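One structure below.
The values are calculated or read from the model by the stated rules, or taken from the named source; none is laboratory data. If you're wondering where the values come from, they're calculated on a predicted model, not measured in any experiment. Areas reflect the complete protein model, heavy atoms only, side chains present, ligands, DNA and RNA absent. Shrake-Rupley method; radii C 1.70, N 1.55, O 1.52, S 1.80 Å.
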Amino acid sequence: MTAERDRKPIDRTSVHADGPLAEVMCYAYLLELTDTRARQLWESHRMHLPDDCWVHLQVAMKLQCRDRRSVRRAGSAVSLWEGDLLG
């Protein structure tokens, strides 16, 4: 039997980021993820291991990319620490 985390990416389900399934499904692609919703989903999935939670990774990347864009505009170096992402 194949473990959940060993599933091929094509086997993952796509769900709308603003729907309730995004809060409980760890193996789903998020559609239309906004910065605000990424922060909300971070609260639900932050304690999950990144290897076991696809949503954790997508949310972290969304927040990191947003912070990088805002810091580059200011001309500063960017910190990738988890605490810096959430302020």
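Compared with the direct C-alpha span, the chain from LEU57 to GLU43 gains 3.7 nm at full extension, assuming 0.36 nm per residue.
In terms of accessible area, using a 1.4 Å probe and ignoring ligands and nucleic acids, GLU32, GLU43 rank largest first as GLU32, GLU43.
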